[in-house]
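These notes are about the structure you will find just below.
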Amino acid sequence: MPDVVSRRELGRGERVLHGLFRLRLPLPWPGVPHCNAWAVKHGDGFVLFDTGMHQPDSISHLERALEMCNMRIEQARLVVCTHAHTDHCGQAASIVERAGCEVWIHPNHAHLDRMIEDPDAVLAKRLEIARQSGVPEAPLRREAEQRIARGSGIAGPLEPHRDLVAGVTIATDLGEWVAYETPGHAPSHVCLFQPERRLLISGDHLLGRISLYFDYGYSPDPVGEFMSSLDVVERLGARLCLPGHGRTFTDVHAHIRGNRTLVAERLVRVREALEGRELTAFEIVPHVYGDTLSPQNAHWLLSKILCYLAHLQTVGGVRRVPGAPARASSREGEGEPERWTA
Ligand SMILES: [Zn+2]
Ligand SMILES: [Zn+2]
């Protein structure tokens, strides 16, 4: 009952350092109860890194969190989004309208634009991927339709004023923050680093509790990109990490190592599952995640499995089993599910 949970949760703000505040905003997702936005003082206002998701009452949670830190939305001088997932940029349009400020985000946000422009097409694509991966369609369709009925999570179309690419700097009272492109979790992902204080706003690239997710279908090898992005962040030598979910943490290198280890473990499990067998992505899920698949997490788990398969295919560990050619008369969505082998 995620919606009930979100009503009980309230937006909260707290000071992390002088001039830097954590805004903890509720989410309607099972297992992910809230996300963080970060407000950093700048002159008589603040720069807002990430925004929380748009929902019917979400702006009041942001207002409440800011109020706890003696700030108002109208004082936002700039909105910077770490990536184009709804929990990080969903309220950007509302904030920009109220504060009259700019929003900066990485240009590779096509994965979100599709959701705004044509949610039905996104649903159809998800179902097509699921079907190709061997998932029984009915429960998945129900879940996807319910999700779309709950709204896109975005207040309005993203109209960025500036492309947040590598090297772009953002001025604040705590000094300049530098953008580093860190694709993998999402093609639009960037981390922001403040070099003098060694602070890292890490979005969903590094999280307090190590957990992985990769957007499937927008780049050839999201897992490979994610691993390269870990190298990028490791070289920065951050001392305090401000993640997109959960608490701040200081053992940044341990988190990076933990992410590498977890990816390596997942890849081994996927490859082992395919040793001497031909399986669909759906059939691989229990080998990697045990008995956890449900309509609520199917899209999430499948995206990850498909990304692991794409990576193993790139480095030469697995291959697609050539299927029977689709009959000329068959409609889209009727072919055999795709199978993989080691
Ligand atoms: Zn994300
Ligand atoms: Zn997130």
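Details
- Residues in the stretch 232-254 that are away from ligand 1 (no atom under 16 Å from the Cβ) and in contact (Cβ under 8 Å) with a residue 12 or more places away in the chain: Val232, Glu234, Leu236, Gly237, Ala238, Arg239, Leu240, Arg247, Thr248, Phe249, Val252, His253.
- Criterion: modelled with pLDDT under 95 and either more than 15 Å from ligand 1 (Cβ to nearest atom) or closer than 24 Å to Arg24 by Cβ (or both) - qualifying residue of Leu212, Leu192, Leu174, Leu200: Leu212
- Residue count for the stretch 20-57, restricted to those that are out of contact with any His (no Cβ under 9 Å at 6 or more places or on another chain), modelled with pLDDT of 95 or more and among the small types (Gly, Ala, Ser): 3.
- So Ala121, is it more than 16 Å from ligand 2 (Cβ to nearest atom), among the aliphatic types (A, V, I, L, M) and surrounded by fewer than 13 Cβ atoms within 10 Å (Cβ to Cβ): yes
- Of all residues in the stretch 138-171, those that are in contact with a Leu (Cβ under 8 Å, 6 or more places away or on another chain) and within 15 Å of ligand 1 (Cβ to nearest atom) total 2.
- Screening Leu240, Leu230 for residues that are over 15 Å from the mean Cα position of the chain (by Cα) and within 13 Å of Tyr180 (Cα to Cα) leaves exactly one candidate, Leu230.
Conditions tested, residue by residue: (1) of a type in the set (Asp, Glu); (2) under 21 Å from Leu62 (Cα atoms); (3) out of contact with any Ser or Thr (no Cβ under 6 Å at 6 or more places or on another chain); (4) in contact (Cβ under 8 Å) with a residue 12 or more places away in the chain.
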| residue | (1), (2), (3), (4) |
| --- | --- |
| Ala149 | no, no, yes, no |
| Pro157 | no, yes, yes, yes |
| Arg162 | no, no, yes, yes |
| Val165 | no, no, yes, yes |
| Val168 | no, no, yes, yes |
| Ala179 | no, no, yes, yes |
| Gly184 | no, no, no, yes |
| Glu196 | yes, no, yes, yes |
| Leu212 | no, no, yes, yes |
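- Filter result (within 16 Å of ligand 1 (Cβ to nearest atom) and not in a helix (DSSP H, G or I)) within the stretch 88-123: Gly90, Gln91, Ile105, His106, Asn108, His109
- Residues located in the stretch 8-37, provided they are under 16 Å from the mean Cα position of the chain (by Cα), assigned to a loop (DSSP other than H, G, I, E, B) and closer than 16 Å to Arg72 by Cβ: none
- Some residue of the stretch 251-266 being in contact with a Lys or Arg (Cβ under 9 Å, 6 or more places away or on another chain), modelled with pLDDT of 95 or more and at positive phi: no
- Within the stretch 38-87, the set of residues being within 16 Å of ligand 1 (Cβ to nearest atom), under 16 Å from Ala99 (Cα atoms) and assigned to a strand (DSSP E or B) comprises Phe49, Val80.
- Residue within the stretch 290-306 that is at pLDDT 80 or above, surrounded by 18 or more Cβ atoms within 10 Å (Cβ to Cβ) and over 25 Å from Gln146 (Cβ atoms) present: no
The values are calculated or read from the model by the stated rules, or taken from the named source; none is laboratory data. Quantities reported herein were computed from a predicted structural model and do not represent experimental measurements. Cβ atoms come from the backbone with ideal geometry, glycine included; neighbour counts cover every protein chain shown.
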